[in-house]
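*Asks:* One structure is given below, represented as structure tokens, and several questions about it will come after.
The values are calculated or read from the model by the stated rules, or taken from the named source; none is laboratory data. Treat the numbers as computed from the prediction; the structure is a model and nothing was measured. Here the Cβ positions follow ideal geometry from the backbone for every residue, glycine too, while neighbour counts run over all protein chains shown. The protein model used for the area step is the full one, side chains on, heavy atoms only, and it has no ligands, DNA or RNA in it. Shrake-Rupley method; radii C 1.70, N 1.55, O 1.52, S 1.80 Å.
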Amino acid sequence: GKWHMGVNCKTRHDHCHHPLNHGFDYFYGMPFTLVNECQGTDDPELGKSLQDTYWFYTEMIIFAVFTLVIGKLANLFPVKWKIIICLAICGLLHFISWFSSYGFTKYWNCILMRNHDITGQPMDLQKTTSNMLKEAITFIERNKHRPFLLFVSLLHVHTPFITTEKFQRRSRHGLYGDNVEEMDWMVGELLDAIDKEDLKNTTFIYFASDHGGFLEARRGNSQLGGWNGIYKGGKGMGGWEGGIRVPGIVRWPGVLPAGTVINEPTSLMDIYPTVVQLAGGAVPQDRAMDGHTLLPLLQGTEQHSRHEFLFHYCGVFLHAVRWHQRDSGTVWKAHYATPVFQPEGSGACFRRGICPCFGDGVTHHDPPLLFNLSQDPSEANPLSADTEPLFDTVMRRIRRAVEEHHKTLTPVPQQLSPYNNIWKPWLQPCCGTFPFCWCHEENNTA
């Protein structure tokens, strides 16, 4: 399914980010994200934002180069020609990226791969759903006589809500509802495949979403979909419950009783240690592990989540901290920064299209906003020292947890820097002769 980690680092064929370089033995899916350009019917999503960004940096670099050249020729300040040339080359790259983003986005971003081979560029979205389902079921059939890990990351439910003709106009909730129904059908097909191979009682299945509904998803003046109930905020908002609180659904009939409901905060980071334990392995002991095995909680040998604290980031910025107080069972959450909703009070960043993580698009809180999620899951009533006797005690404990958390972090290069976000022709996956990148799965020929 959707890998969304990219492919290459230094050359077009090093595949350093590819799933096969990160523990997987087989891969079928798209290495990037799903954008409107892949469908071709909606307004450009990636292209427009990229064009604006590339052109802005192009203008800035051109201005800097001219300033340095004039300063150099007029002897106003010393600067090496090598620096000017490097800057000019950088500006040229940004200009090429800006120019190339017109029309080529679909061919360069909407890619389908099987292992290291590109099978569709651009991919045929009407066939992608059935192809991915077929690949997953075939994988189950191939591995039914031995332990296996199957990770299916569906293209549903994600803008632009790719839905095959069979499921279009079936839901009362428009395109979003159609997309949800098709996803539900796909999950059912996978469960049926497990049952057919008599693996039902020996297979641990975990179903979840990586975030809450995307509130800003729109087409014209209508909202495309995404609703988070009583919870404030949505996808990409760092700390609000609507963006991070999703259900986890587990099925293992041979071991876990049906109908059990567990109201404890866990994390998708818990999947890794859970799978390691199921496989009879041990998690690494030479580093801080953010996840905990879910098995004691699921089997009832433990009543509370092992997560005393959960740290909620927006990019590299810590926006909120959740404290699951062990002695009382109360769940507190402190917000250090929250997005500025546009329009005010709308619950989302409709004018921006997505909420930013820093800058003038967020409000920093000192002291932090504090909520008692056990009593106020909608995060509607921030507490203060006047309204909550435990305010200072809770804030001190959370502050100490943040300090301890920061000690476990190892600084790494900024992955979302401007340089890492510009398009690099030498890294572009291509199944033809660059820049003419297109091929189809039927014959796998360029």
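*Asks:* Give the residues of region 222-257 that are under 20 Å from the mean Cα position of the chain (by Cα) and charged (D, E, K, R), sorted by residue number. I'd like the intermediate steps shown before the answer.
*Replies:* Step one: of region 222-257, the residues under 20 Å from the mean Cα position of the chain (by Cα) are 224-228, 231-249.
K232, K235, E241, R245, listed by residue number.
*Asks:* Is at least one residue of region 368-377 at pLDDT 95 or above, among the aromatic types (F, W, Y) and over 21 Å from the mean Cα position of the chain (by Cα)?
*Replies:* Looking for residues that are at pLDDT 95 or above, among the aromatic types (F, W, Y) and over 21 Å from the mean Cα position of the chain (by Cα), one finds at least one in region 368-377, hence yes.
*Asks:* Now for a different question. Which residues, taken from region 253-274, are aliphatic (A, V, I, L, M) and without any contact (Cβ under 8 Å) to a residue 40 or more places away in the chain? Show your work before the answer.
*Replies:* So in region 253-274, the residues aliphatic (A, V, I, L, M) come out as 255-256, 258, 261-262, 268-269, 271.
Answer for region 253-274, where residues must be aliphatic (A, V, I, L, M) and without any contact (Cβ under 8 Å) to a residue 40 or more places away in the chain: A258, V261, I262, M269.
*Asks:* Take the residues in region 433-446 that are outside any loop (DSSP other than H, G, I, E, B) and surrounded by fewer than 16 Cβ atoms within 10 Å (Cβ to Cβ), then tell me which one is modelled with the lowest pLDDT.
*Replies:* Applying the first criterion (outside any loop (DSSP other than H, G, I, E, B)) to region 433-446 yields 433, 436, 439-440, 445.
Imposing the further condition that a residue be surrounded by fewer than 16 Cβ atoms within 10 Å (Cβ to Cβ) reduces the set to 433, 436, 445.
Working: T433: 80, F436: 76, T445: 42.
Within region 433-446, the match that is modelled with the lowest pLDDT is T445.
*Asks:* Here is a follow-up. Any residue in region 163-178 that is modelled with pLDDT under 95 and of a type in the set (V, I, T)?
*Replies:* Yes: one or more hits.
*Asks:* Any idea how many residues of region 353-395 are touching a Lys or Arg at 6+ places or on another chain (Cβ under 7 Å), over 15 Å from V321 (Cβ atoms) and part of a loop (DSSP other than H, G, I, E, B)? Write out each step before concluding.
*Replies:* Step one: of region 353-395, the residues touching a Lys or Arg at 6+ places or on another chain (Cβ under 7 Å) are 361, 371, 373, 378-379.
After this cut, where a residue has to be over 15 Å from V321 (Cβ atoms) as well, the list is 361, 378.
Those still in the list that are part of a loop (DSSP other than H, G, I, E, B) too: 378.
Summing the residues that are touching a Lys or Arg at 6+ places or on another chain (Cβ under 7 Å), over 15 Å from V321 (Cβ atoms) and part of a loop (DSSP other than H, G, I, E, B) in region 353-395 gives 1.
*Asks:* Test L416 against the stated conditions and say whether it is out of contact with any His (no Cβ under 8 Å at 6 or more places or on another chain), exposed (fewer than 14 other Cβ atoms within 10 Å of the Cβ) and farther than 30 Å from L93 by Cα. Can you show your working first?
*Replies:* On the way: out of contact with any His (no Cβ under 8 Å at 6 or more places or on another chain): yes; exposed (fewer than 14 other Cβ atoms within 10 Å of the Cβ): yes; farther than 30 Å from L93 by Cα: no.
Considered against the rule, which asks whether it is out of contact with any His (no Cβ under 8 Å at 6 or more places or on another chain), exposed (fewer than 14 other Cβ atoms within 10 Å of the Cβ) and farther than 30 Å from L93 by Cα, L416 comes out as no.
*Asks:* Further question: If you go through region 421-432 one residue at a time, how many are loosely packed, with under 13 Cβ neighbours inside 10 Å and either at pLDDT below 80 or touching a helix residue (DSSP H, G or I) at 6+ places or on another chain (Cβ under 6 Å) (or both)?
*Replies:* Residues of region 421-432 that are loosely packed, with under 13 Cβ neighbours inside 10 Å, as a first pass: 426.
Cutting the leftovers down to either at pLDDT below 80 or touching a helix residue (DSSP H, G or I) at 6+ places or on another chain (Cβ under 6 Å) (or both) gives us none.
Within region 421-432, residues that are loosely packed, with under 13 Cβ neighbours inside 10 Å and either at pLDDT below 80 or touching a helix residue (DSSP H, G or I) at 6+ places or on another chain (Cβ under 6 Å) (or both) number 0.
*Asks:* Take the residues in region 350-386 that are in contact with a helix residue (DSSP H, G or I) (Cβ under 7 Å, 6 or more places away or on another chain) and closer than 20 Å to G225 by Cα, then tell me which one is most open to solvent (accessible area, probe 1.4 Å).
*Replies:* Restricting to residues being in contact with a helix residue (DSSP H, G or I) (Cβ under 7 Å, 6 or more places away or on another chain) and closer than 20 Å to G225 by Cα, the top hit is R352.
*Asks:* All but one of (1) open to solvent by 60 Å² or more (accessible area, probe 1.4 Å); (2) within 30 Å of L191 (Cβ to Cβ); (3) in a helix (DSSP H, G or I); (4) free of Cβ contacts under 8 Å to residues at least 24 places away in the same chain hold for T138; which doesn't?
*Replies:* The failed condition is (1).
*Asks:* Those residues that are under 14 Å from F32 (Cα atoms) and touching a strand residue (DSSP E or B) at 6+ places or on another chain (Cβ under 8 Å), I need them from region 122-159; list them, please. Show your work before the answer.
*Replies:* Residues of region 122-159 under 14 Å from F32 (Cα atoms): 122-123, 153-155, 158-159.
Matches in region 122-159: M123, S153, L154, L155, H158.
*Asks:* Name the residue, out of L215, L155, L133, that is under 30 Å from G238 (Cβ atoms) and open to solvent by less than 20 Å² (accessible area, probe 1.4 Å). Explain how you work it out, then say what you get.
*Replies:* Working: L215 fails: open to solvent by less than 20 Å² (accessible area, probe 1.4 Å); L133 fails: under 30 Å from G238 (Cβ atoms).
Being under 30 Å from G238 (Cβ atoms) and open to solvent by less than 20 Å² (accessible area, probe 1.4 Å) holds for just one of L215, L155, L133, which is L155.
*Asks:* Within region 165-187, track down each residue that is of a type outside the set (A, V, I, L, M, F, W, C) and open to solvent by 20 Å² or more (accessible area, probe 1.4 Å).
*Replies:* At the first step, the residues of region 165-187 found to be of a type outside the set (A, V, I, L, M, F, W, C) are 165-166, 168-174, 176-179, 181-182, 184.
Within region 165-187, E165, K166, Q168, R169, R170, S171, R172, H173, G174, Y176, E181, D184 qualify.
*Asks:* Still on this structure, I have one more. I'd like the residue in region 99-124 that is assigned to a helix (DSSP H, G or I) and open to solvent by 20 Å² or more (accessible area, probe 1.4 Å) and, out of all such residues, is modelled with the lowest pLDDT.
*Replies:* Filtering region 99-124 down to residues assigned to a helix (DSSP H, G or I) leaves 99-100, 105-109.
So of that shortlist, the ones also open to solvent by 20 Å² or more (accessible area, probe 1.4 Å) come out as 99, 106-107, 109.
On the way: F99: 65, K106: 74, Y107: 74, N109: 84.
In this case the residue turns out to be F99.
*Asks:* Looking at region 188-199, is at least one residue open to solvent by 50 Å² or more (accessible area, probe 1.4 Å), in contact with a helix residue (DSSP H, G or I) (Cβ under 9 Å, 6 or more places away or on another chain), outside any helix (DSSP H, G or I) and on the phi < 0 side of the Ramachandran plot?
*Replies:* No: region 188-199 contains no residue that is open to solvent by 50 Å² or more (accessible area, probe 1.4 Å), in contact with a helix residue (DSSP H, G or I) (Cβ under 9 Å, 6 or more places away or on another chain), outside any helix (DSSP H, G or I) and on the phi < 0 side of the Ramachandran plot.
*Asks:* For E264, are the conditions met, namely being among the charged types (D, E, K, R), in contact with a helix residue (DSSP H, G or I) (Cβ under 8 Å, 6 or more places away or on another chain) and not in a loop (DSSP other than H, G, I, E, B)?
*Replies:* Numbers: among the charged types (D, E, K, R): yes; in contact with a helix residue (DSSP H, G or I) (Cβ under 8 Å, 6 or more places away or on another chain): yes; not in a loop (DSSP other than H, G, I, E, B): no.
No.
Here's the yes/no breakdown for (1) under 25 Å from S374 (Cβ atoms); (2) small (G, A, S); (3) at pLDDT 95 or above; (4) open to solvent by less than 70 Å² (accessible area, probe 1.4 Å):
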{"position": "Y206", "(1), (2), (3), (4)": "no, no, yes, yes"}
{"position": "G226", "(1), (2), (3), (4)": "no, yes, no, yes"}
{"position": "W240", "(1), (2), (3), (4)": "yes, no, yes, yes"}
{"position": "P247", "(1), (2), (3), (4)": "yes, no, no, no"}
{"position": "G254", "(1), (2), (3), (4)": "no, yes, no, yes"}
{"position": "T260", "(1), (2), (3), (4)": "yes, no, no, no"}
